Structures are given as C-alpha cells and as structure tokens.
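The values are calculated or read from the model by the stated rules, or taken from the named source; none is laboratory data. On a predicted model such as this, the values are computed, not experimentally measured, just so you know. All Cβ positions, glycine included, derive from the backbone under ideal geometry; neighbour counts span all protein chains shown.
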Amino acid sequence: MRIIAITNQKGGCGKTTTSVNLAASLATNGRKVLLIDLDPQSHATLGLNIKAPLSIYNVLSKTAHQKAKLDEIIQNISPDFDIAPSSIILSTIEQELSGEIGRESRLWDTLSAFKGCYDYVLIDCPPNLGILTINAIRAATEVIIPVEASRFSLEGMDQLLGIINLVRDRLNHEVSCRILVTNFDSRLAHSFKMLTKIKTDFKERLFSNIIHVNVRLKEAQNQGTHIFNFDKYCRGAKDYFSLSREIITLEKEPKPATVKPIAVLEKKMNEILKKELPKLNEVIFSVFAPEAKEVYVAGEFNNWKLEDSGRMLKNNGTWSKKLNLNGGKYRYRFVIDGNWIEDSANPLKEVNPYGSVDSLIEISSKK
C-alpha cells in the first residue's frame with residue numbers, strides 16, 4: 001500500500017484538486033484508492049458532495065463525543081475510489097494534541113492498524129505546516145508538492161522541505177519527495193520562465209507531467225464530482241490521467257510470498273509451455289528513443305503493468321521487446337522514462353475512454 005501525502009502550505013496551488021482527481025485517475029487505472037481529507041476546510045469532502053455524520057476527527061481524537069474507526073467513516077465515491085471525509089471540528093485537533101506524547105504519529109498509528117485493502121492512500125493536507133501536516137508526512141512513504149509556475153509558489157518550498165527533513169531526523173522516517181507543476185498557463189511567457197527555473201532547481205524531484213490551467217476542473221468541483229465523472233475528454237482529465245500513469249510506473253513488483261522448490265517450478269513451467277506455447281504468436285515491439293534511459297511496453301496483454309516482462313532492450317538507439325501473445329486485438333503504449341506515448345510507427349490507433357490515444361495491434365489466432 002503506497003501512502004502519499006499531498007501538501008503545500010501555500011493555498012491555491014491545486015493541492016485539493018490534485019488529491020481528488022489523482023485519486024479518481026488511479027482508480028480508473030484499476031487501483032483501489034482511499035483519499036483521506038485531513039484539511040479542516042474539508043474542500044475535498046465538499047468538492048465530492050459528501051455529507052457524513054462522522055469524519056477523520058472522530059478517528060484521530062481521543063476526546064471526541066463519538067469515537068470511530070477509520071473503516072467506519074469511509075464513504076464510496078465511485079468504483080475503487082473511497083474517501084475518509086473531514087469536518088470543521090478537525091481544526092481543534094491541533095490544540096487537543098498539543099501536550100500529548102506521540103502526537104505526530106496519530107495518523108500513522110491509525111493506518112498501521114487499518115485492515116483496508118487499498119493500493120493507494122492519498123492524504124490531502126491543510127495549507128499550513130501544523131501538527132496535521134506533520135502527521136501526514138509521518139504516515140506517508142511519499143510526498144507530492146503541487147507548485148504553480150510562479151515566484152510566490154516557490155517561496156515556502158525550503159520551509160516545507162525542512163519539515164520533511166525534520167520528520168526524517170527526529171522520527172527516523174524517510175519519505176521520497178516529488179514536485180508537481182500545477183495551474184500551468186501556456187499562454188504566458190512568464191510560466192515557461194518559471195518552469196525552466198523549477199526544472200533547474202528541482203530536476204531530480206520533478207514529475208515529467210504537468211497540470212495545465214483548465215476551467216473544467218473547477219466546474220467539476222462546483223458540481224460535486226471529480227473530472228472523470230464530469231468531462232473525461234478535457235485537458236485536465238488527460239493531464240491527471242497521464243500523471244497517474246507516471247506514478248504507476250514507480251510501483252514495485254511484489255515479491256512472491258513463498259518460494260517453491262526449483263524442480264517443482266520447472267515441472268510446472270514445462271507443463272504450461274507444452275500446453276500454451278503452440279497457441280502463442282511471436283510479436284516484436286520496437287521504438288526509436290536514443291536519449292531514453294528506460295523503456296517499457298505495456299498494454300491490455302499485461303493489464304497495463306510495468307514489469308520486467310515488458311522491459312525493452314536498447315540497440316543503436318532502438319528499443320525492442322519480443323513477446324509471445326495469444327491471438328486477439330490489444331491496445332498498447334510505450335513508457336519512455338515515465339511518459340506514456342503511442343507507437344508513432346503504427347498507424348492503427350484508437351481513442352481510449354479518457355480521450356488520449358492508444359496504439360492497436362491485432363494478432364491472428366493459431367489453430
């Protein structure tokens with residue numbers, strides 16, 4: 001389970017918009033997602049039109065009139081997408097925890113005991129560096145910092161990174177940190193100037209994808225839903241869909257729980273090969289990307305997963321991969337250094353349900 005805190009002490013940088021729409025996008029990619037609204041302003045909760053008698057306050061507080069467990073407050077938004085809502089009373093938690101030992105680990109303790117089966121937990125933090133934000137960083141394994149391409153958005157970056165380092169040093173808790181450029185206005189030369197500065201200063205920590213200014217994102221929020229329910233073909237939906245794919249590329253393959261004796265594995269493998277190999281077709285995927293560091297091929301044939309079986313090999317600037325596939329029609333894409341692109345050499349393409357283009361391959365079935 002990947003736990004990602006989305007935080008920036010500056011308001012208006014797209015923190016909640018990112019939390020909501022990234023969660024929805026990961027869910028459309030087949031991941032089960034829980035969004036925890038840790039902001040007393042409750043913008044994520046309100047923006048998804050959730051009205052609930054219990055909130056995350058009832059989970060974290062020890063003095064709440066009605067205590068609750070995390071799984072008791074969770075509300076479903078759409079398939080594979082749930083939310084733990086917030087409420088204005090959460091603003092009192094800072095004072096409540098001020099003299100308590102272990103106050104910075106309340107959320108971490110809650111998630112450690114949580115038995116929910118989620119692939120991702122996203123935490124929408126308040127726009128400050130108080131105890132709630134520290135709780136989110138302590139509970140998370142990753143932090144996403146949304147920043148606008150503007151000077152003021154970068155002013156507090158050092159302070160936030162200092163808090164992350166403080167959590168690492170004081171609590172012996174390491175988190176990886178990535179920066180996401182949001183509200184990017186491609187009509188302004190100033191935006192590109194600031195983007196260049198961000199790339200220069202934070203090159204190793206910067207997401208490849210950026211989120212452009214898109215009025216449909218605000219309209220979706222006003223309608224009480226996420227962008228994929230409102231307008232899945234708009235620019236904002238495409239940006240968040242691409243971001244989710246980039247985040248998925250960072251998933252690590254789970255190790256098998258048990259290791260069977262080699263002789264048993266070989267016998268089983270031979271049986272499978274003997275039965276299935278005659279039915280398979282050999283297909284070679286290739287793409288020219290001389291500057292790329294890592295390239296995968298992913299598609300419907302492997303459930304769009306980035307795994308070693310889809311890792312491509314480089315030869316004179318061309319990356320290739322040989323796969324044995326059953327007959328049928330498959331959508332696929334190349335993933336070049338985290339960016340999902342269609343196969344420009346293949347004229348067969350189809351628009352996917354989210355408005356972007358997938359390449360298409362059709363394989364004749366062997367008898």
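General remarks:
- In the range 6-35, the residue that is modelled with the lowest pLDDT out of those that are hydrophobic (A, V, I, L, M, F, W, C) and closer than 15 Å to Phe207 by Cβ is Cys13.
- From the list Asn76, Asn58, Asn49, the one residue that fits, being in contact with a Gly (Cβ under 6 Å, 6 or more places away or on another chain) and modelled with pLDDT of 90 or more, is Asn49.
- Identity of the residue in the range 25-54, over 15 Å from the mean Cα position of the chain (by Cα) and among the β-branched types (Val, Ile, Thr), that ends up nearest to Ile123 (Cα to Cα): Thr45
- Residue match in the range 167-179 (condition: basic (Lys, Arg), within 22 Å of Thr17 (Cβ to Cβ) and in contact with a strand residue (DSSP E or B) (Cβ under 9 Å, 6 or more places away or on another chain)): yes
- Leu22 vs. criteria over 14 Å from Tyr118 (Cα atoms) and under 14 Å from the mean Cα position of the chain (by Cα): yes
- Note on the range 314-356: residues that are without any contact (Cβ under 8 Å) to a residue 60 or more places away in the chain and under 29 Å from Arg205 (Cβ atoms) amount to 8.
- Across the range 175-193, the qualifying residues are those that are assigned to a loop (DSSP other than H, G, I, E, B) and among the hydrophobic types (A, V, I, L, M, F, W, C), and the one among them that is nearest to Arg235 (Cα to Cα) is Leu188.
- Inspection of the range 151-162 finds no residue satisfying the criterion of being under 20 Å from Leu22 (Cβ atoms), within 24 Å of the chain's Cα centre (by Cα) and either loosely packed, with under 15 Cβ neighbours inside 10 Å or not assigned by TED's automatic domain parsing to the domain that holds Ile77 (or both).
- Where helices (runs of 4 or more DSSP H) sit wholly within the range 112-174, those with at least 2 residues that are without any contact (Cβ under 8 Å) to a residue 12 or more places away in the chain occupy 157-171.
- The set of residues in the range 304-354 being of a type in the set (Val, Ile, Thr) and out of contact with any Ser or Thr (no Cβ under 7 Å at 6 or more places or on another chain) consists of Ile336, Ile341, Val351.
- Among residues of the range 332-351 being surrounded by 19 or more Cβ atoms within 10 Å (Cβ to Cβ) and part of a strand (DSSP E or B), the one that is modelled with the lowest pLDDT is Trp340.
- Residue check for Glu276: closer than 30 Å to Leu161 by Cα and modelled with pLDDT under 90: no
- Residue in the range 205-227 that is within 19 Å of the chain's Cα centre (by Cα), assigned by TED's automatic domain parsing to the domain that holds Glu142 and of a type in the set (Asp, Glu) present: no
- Matching option when the condition is more than 16 Å from Gly14 (Cα to Cα), in the same structural domain as Gly47 (by TED's automatic domain parsing) and surrounded by 13 or more Cβ atoms within 10 Å (Cβ to Cβ), among Ser242, Ser191: Ser242
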